[in-house]
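The values are calculated or read from the model by the stated rules, or taken from the named source; none is laboratory data. Just so it is clear, the model here is predicted, and its values are computed rather than measured. Cβ placement follows ideal geometry from the backbone for every residue including glycine, while neighbour counts extend to all protein chains displayed.
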Amino acid sequence: MSSDKTDIVKLQSVNHLRITMDDYFSRLKEAVETKKKKIAWCTSVGPAELLYSIGFEVYFPENHGAMLGAAKTADKYIPSAVAHGFSPDICSYLTSDVGAFLQNETPLQKSGFASVPKPDILVYNTNQCREVGDWFSYFARHFKVPVLGIHTPYCINKLSGSIIQNVSKQFKDLVPELEKVSTQKFDIDRFRETVRLSHDGCVLWRKVLETAMNKPSPINFFDAVIHMGPIVIMRGTQYANDYYVILLEELQNRLRNNISSVTNERYRIYWDGMPLWFKLSSMAKLFAKLDTCIIASTYCNSRIFDDLDPKDPFESSALAYCKLFIVRADDVKEKVLEKLMSDFSIDGIIYHESKTCLRNSNNRYELPGRLMNQTNIPYLEINGDLNDSRCYSEEQSIIAIETFIAQLSDKHSKQT
Ligand code: SF4
C-alpha cells in the first residue's frame, strides 16, 4: 500500500471550475450593485429553472452553508444561531448560515460582497426536508420579502399521477407571484429553453459521474462534490453546461490514458449521505492511502434531473423533483441503491449518519441490513455531520474505516 498524499490525482478542470463559479458570483454581485436584476433565493433542489427563466439571479443558501463547512468556520457560527433560538440538532447548514448572518460574516466578503445578497423573494421546495421552509421563512421575516414554497409529499413510493399534478400545479401557482417581483414577465418559451438547458446539463453531469463505472475510476466522490457546484447553482444555464463539457472531456481523456483518480485503486466504495465538508481533504487522503476510491454517492447522483422535458416543462419539473432520491420511500431507495451497486461494481458501502440531517441519513431504519441481504455487499456506518465537527470523532472513524477496508481486503484474498 502506498502512503503518499500525491496519490490523489488532481483534475485540471478545477481551474475552469473556479472561473465558472467566480463568474456566477460576479453576476450576482452585479445584480446587488446595479439592481438591474432581482435576486431570488432558492433551495438546491428547488425550482431554479423557473426562477432563471423569469429573469432572476439565483442565490443558494445551501451552497453558502457548504462553503462555511468547507472553510471550517461553521463551528464558529452555529452557537449564534442556537443562541437565537434554533436547536443545535437541526440542519447545520441552516444554523451555520444563520449564525454567520447574525455575525455579519460571509466568505463572499472576500469576493467584494458586503454581506450575502439581499433577497427580493425566497422560494423553496420541501422535497428535501422541512428545514428549508423554516430557514427561508426566517430570512423572509428579516428582510420583509415574500417567501414561496412547493410542498412535496415525503416518502413517495409510487409516483402517482395525482402527486405529479398536484406538484405541477404548485409550480404553476408560483408564476404570478414571481412575476410581481421580477423585472420580467413569464414566457413559456423561455421556460422551455431553461428546462432544456437544465436537462442537457443533467445529462452531462450523469455522464461525468458514470465515467466512474470504469475500473479504475478517473473521478472520486471528493472531486465530484466540488465539481457539482455548477449543477446545483447554475442548473438551467449555458454556463453549467459549458463547464461540464470541459470536465467530461478531461475525464474521457483520463479513461483513454488509463489515469485513475486514486493511483492504486483496489477497493470501490459507495458513499451514502452528506459529505463531511470540514474533512474533505483529509478523508480524500485517507482513502487514497488505503487504495480505495469512493466511486459513487447518493449525494452527487441526486442532482440528475434528466426527466426534465421542454415539451412539458411544468409536469416534467414536477416529475423530476418528486423522483429525487431523498423524497422516496425506502423500498424505492433500496432498488436505486441495488442498481448503483451493480452498475459501479461496488465492494462496500459507507453510510454517513449525519447528526443534523435526518433526511440524508439512510441508515436509520434498517436499510443497510436489508440491502446487504440483497446484495451481499458489506457496509460500515460512521457518525458525523455535514458541518458541525463536534458531532464527529475523527480517531474513531479512521479506525473503523481502516478496519472496514482491511475486511474488504480479506474478502478479496479469499475470492482470489
Ligand atoms: S436536506 Fe439536510 S442538509 Fe439539506 S437543507 Fe435539509 S436538513 Fe439541511
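Working only within the range 23-64, note down all residues that are surrounded by 22 or more Cβ atoms within 10 Å (Cβ to Cβ), more than 17 Å from the chain's Cα centre (by Cα) and in a loop (DSSP other than H, G, I, E, B).
54, 56
Anything in the range 8-22 that is within 22 Å of the chain's Cα centre (by Cα) and part of a loop (DSSP other than H, G, I, E, B)? List them, or say none.
If the condition is that a residue be within 22 Å of the chain's Cα centre (by Cα) and part of a loop (DSSP other than H, G, I, E, B), then 10, 11, 12, 13 are the ones that fit.
Show the residue pairs meeting these rules: Cβ distance below 7 Å; 6+ apart or different chains; first residue within the range 117-144 and free of Cβ contacts under 8 Å to residues at least 40 places away in the same chain and under 13 Å from residue 61 (Cα atoms); second residue assigned to a loop (DSSP other than H, G, I, E, B) and near the ligand (Cβ under 10 Å from one of its atoms).
Taking only residues 6 or more apart or on different chains, the pairs are 133/126.
If I ask for residues that are more than 21 Å from residue 114 (Cα to Cα) and within 14 Å of the ligand (Cβ to nearest atom), which ones from the range 75-103 would you list?
86, 87, 88, 89, 90, 91, 92
Mind telling me which of the residues 382, 377 ends up being closer than 24 Å to residue 94 by Cα, away from the ligand (no atom under 16 Å from the Cβ) and either touching a helix residue (DSSP H, G or I) at 6+ places or on another chain (Cβ under 7 Å) or at pLDDT below 95 (or both)?
Checking each option against the conditions leaves just 382.
Of (1) more than 30 Å from residue 174 (Cβ to Cβ); (2) among the β-branched types (Val, Ile, Thr); (3) touching a helix residue (DSSP H, G or I) at 6+ places or on another chain (Cβ under 6 Å), residue 304 satisfies all except one. Which?
The failed condition is (1).
If you take the residues of the range 96-113 that are touching a residue at least 12 places away in the same chain (Cβ under 8 Å) and part of a loop (DSSP other than H, G, I, E, B), which of them is surrounded by the most Cβ atoms within 10 Å (Cβ to Cβ)?
For the range 96-113, the residue satisfying everything is 106.
From the list 133, 149, 161, pick out the single residue that is loosely packed, with under 15 Cβ neighbours inside 10 Å and modelled with pLDDT of 95 or more.
Every option except 161 fails the conditions.
Would you mind finding the one in 241, 253 that is of a type outside the set (A, V, I, L, M, F, W, C) and either surrounded by fewer than 17 Cβ atoms within 10 Å (Cβ to Cβ) or without any contact (Cβ under 8 Å) to a residue 40 or more places away in the chain (or both)?
253
Within the range 65-93, count every residue that is part of a helix (DSSP H, G or I) and more than 18 Å from the chain's Cα centre (by Cα).
10
Is there a residue in the range 23-37 that is in contact with a helix residue (DSSP H, G or I) (Cβ under 6 Å, 6 or more places away or on another chain), basic (Lys, Arg) and under 19 Å from residue 143 (Cβ atoms)?
yes
What are the residues in the range 257-311 that are part of a helix (DSSP H, G or I), surrounded by 18 or more Cβ atoms within 10 Å (Cβ to Cβ) and of a type in the set (Gly, Ala, Ser), if any?
284, 288
Return the residues of the range 80-95 that are surrounded by fewer than 17 Cβ atoms within 10 Å (Cβ to Cβ), within 21 Å of residue 279 (Cβ to Cβ) and touching a helix residue (DSSP H, G or I) at 6+ places or on another chain (Cβ under 7 Å); say none if nothing qualifies.
88
Cβ-Cβ below 9 Å, separation at least six or inter-chain, first residue in the range 364-390 and over 23 Å from residue 278 (Cβ atoms), second assigned to a loop (DSSP other than H, G, I, E, B) and within 16 Å of the ligand (Cβ to nearest atom): which pairs?
368/362; 379/363
Restricting to the range 312-365, what's the tally of residues that are of a type in the set (S, T, N, Q), within 16 Å of the ligand (Cβ to nearest atom) and assigned to a loop (DSSP other than H, G, I, E, B)?
Residues that pass the stated criteria total 4.
Does the range 280-295 contain at least one residue that is over 19 Å from residue 171 (Cα atoms) and within 16 Å of the ligand (Cβ to nearest atom)?
Yes, some residue in the range 280-295 is over 19 Å from residue 171 (Cα atoms) and within 16 Å of the ligand (Cβ to nearest atom).
Those residues that are under 15 Å from the mean Cα position of the chain (by Cα) and either modelled with pLDDT under 95 or in a helix (DSSP H, G or I) (or both), I need them from the range 229-256; list them, please.
229, 230, 231, 232, 233, 240
Pull up the range 350-382, narrow it to residues that are among the polar types (S, T, N, Q) and over 19 Å from the mean Cα position of the chain (by Cα), then point me to the one that is surrounded by the most Cβ atoms within 10 Å (Cβ to Cβ).
Ranking the candidates gives 375 first.
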